Amino acid sequence: MPKDFRRGVRRMVGLIDLVQTLTTPHPLDRYLELVSPALTARELRAEVTHVSHAVPGSVTLTLRASRQWRGHTAGQYVQIGVSINGVRHTRCYSPIDPESRGDRFIQLTVKAHPGGLVSNYLHDNAKPGMVVDLAPAAGVFALPEQRPDRVLLVSGGSGITPVLSMLRTLDAEGFTGEVTFLHYARQPEMVPHRAELSAIANRRPNFRVEYRYPVEPGTVVNGETSTGSGFFDYDELERVAPWFAEAQTFVCGPPPLMRAVQTIFEAEGLADRVHSEEFTLTTVPADPAEATGTITFSGSDVAADNTGASLLEQAESAGLTPEYGCRMGICFSCTATKVSGCTRNLRTGELDADPDKQIQICVNTAVGDVDIAL
């Protein structure tokens, strides 16, 4: 990098710091957003430029990020922040774009989940001109820099988004290895971006795109009661990717699909070839006997009876608005100090009684009396 360019960058940063000092007590961005919500000196934001409802129950947003955006690696997620009734809420979504380092446009496909506050708000209210907070891309679920010779992509439902980014990236790079994309959905019209998937498969003879629409046992189909079909199993794996033992496999979807893939690969001694991303929190069953005691949120002078729910949910029920992101223990936005008491990790079931320790309140619950500095 030329010295003159580095010197110019340092001067610009120094100027921003000076202006930041002069505008105290409010950050410079608080003044800039009065001119335009998308105009910031330091904070990363994005403006909605296009909204599509092509798939029932889902919305695809095209965002133009502010200049601080540094792109994403295929498979990573970003954190989006929106204000709903005066309260800021954040959630994590995976861009569906091909991997990029310079393009400031990002596409997100968001499924409106039942009871999903942010997903339903975006589905119903997002429109061009809307500005959202944006965090840099993160996550380890990503294509390796050295592309494998064979790639198997498996997704279900809204888990299609990160693997779609992977497929589009391999397509954009002119990947010459073998690729199979296997997606599970309830019905054909629920598959996002199906036309593009077909176009990719048509122009790339080494790319195979398959869809499955599982039928639960006992479902009546054409007047007959089904015994169940279309679910992932070893025979399905052999059909769509007979070379799976030499491939790198990336899977994202509902927990039953994830478990089915991982179980088969573990049985074959290939667990290290499976890479997964979960967008739902799989929890260890809670013991009702542990839902005792009082949770004290000492930073807010609030206390509440322990219900056994996550500390985040109990804080919200007590009227607090703690910072959080994915609600699944991925993004570490909701860390708080546990002053005292014992907590249980909802994902692993592990107990922790160490005092003055940082914990994630979205994936921990109280076991008896607990004090959280929140």
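The values are calculated or read from the model by the stated rules, or taken from the named source; none is laboratory data. These numbers come from a predicted model, not from an experiment. FYI the Cβ positions are ideal-geometry reconstructions off the backbone, even for glycines, and counts take in every protein chain you see. These area figures cover heavy atoms from the full protein model, side chains too; ligands, DNA and RNA do not enter into them. Shrake-Rupley method; radii C 1.70, N 1.55, O 1.52, S 1.80 Å.
Of note:
- Residues in region 122-139 that are open to solvent by 20 Å² or more (accessible area, probe 1.4 Å) and under 23 Å from residue 252 (Cβ atoms): 6 in all.
- Residues that are assigned to a loop (DSSP other than H, G, I, E, B), in contact with a strand residue (DSSP E or B) (Cβ under 7 Å, 6 or more places away or on another chain) and over 18 Å from residue 94 (Cβ atoms), drawn from region 161-207: 177, 206
- Where residue 190 falls short, out of the listed (1) modelled with pLDDT of 95 or more; (2) within 24 Å of the chain's Cα centre (by Cα): (1)
- The one condition in (1) assigned to a helix (DSSP H, G or I); (2) within 29 Å of residue 94 (Cβ to Cβ) that residue 329 fails to fulfil: (1)
- Those residues of region 341-360 which are open to solvent by 50 Å² or more (accessible area, probe 1.4 Å) and not charged (D, E, K, R), in sequence order: 348, 351, 353, 355, 358
Yes or no, residue by residue, for (1) surrounded by 13 or more Cβ atoms within 10 Å (Cβ to Cβ); (2) under 27 Å from the mean Cα position of the chain (by Cα); (3) modelled with pLDDT of 90 or more:
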residue	(1), (2), (3)
207	yes, yes, yes
220	no, no, no
231	yes, yes, yes
234	yes, no, yes
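- Residues satisfying the stated conditions in region 99-117, i.e. open to solvent by less than 40 Å² (accessible area, probe 1.4 Å) and at pLDDT 90 or above: 106, 108, 109, 110, 112
- Set 336, 315, 353: member being touching a Cys at 6+ places or on another chain (Cβ under 6 Å) and aliphatic (A, V, I, L, M): 353
- Residues within region 61-76 that are over 20 Å from residue 157 (Cα atoms), of a type outside the set (S, T, N, Q) and either in contact (Cβ under 8 Å) with a residue 60 or more places away in the chain or not in a loop (DSSP other than H, G, I, E, B) (or both), tallied: 7
- Selection within region 332-374 - assigned to a loop (DSSP other than H, G, I, E, B) and more than 25 Å from residue 110 (Cα to Cα): 346, 348, 349, 350, 353, 354, 355, 356, 373, 374
- Breaking point among (1) under 24 Å from residue 139 (Cα atoms); (2) modelled with pLDDT under 95, for residue 287: (1)
- Residues being farther than 23 Å from residue 173 by Cβ, among the hydroxyl-bearing types (Ser, Thr, Tyr) and open to solvent by less than 10 Å² (accessible area, probe 1.4 Å) - total across region 59-98: 1
- Output for region 142-154, where each listed residue is modelled with pLDDT of 95 or more and crowded, with 21+ Cβ neighbours inside 10 Å: 151, 152, 153, 154
- Hits in region 296-331 - residues which are closer than 25 Å to residue 110 by Cβ, open to solvent by 50 Å² or more (accessible area, probe 1.4 Å) and of a type outside the set (D, E, K, R): 321
- Scan region 164-184 for residues that are open to solvent by 10 Å² or more (accessible area, probe 1.4 Å) and closer than 18 Å to residue 231 by Cα and the total you get is 1.
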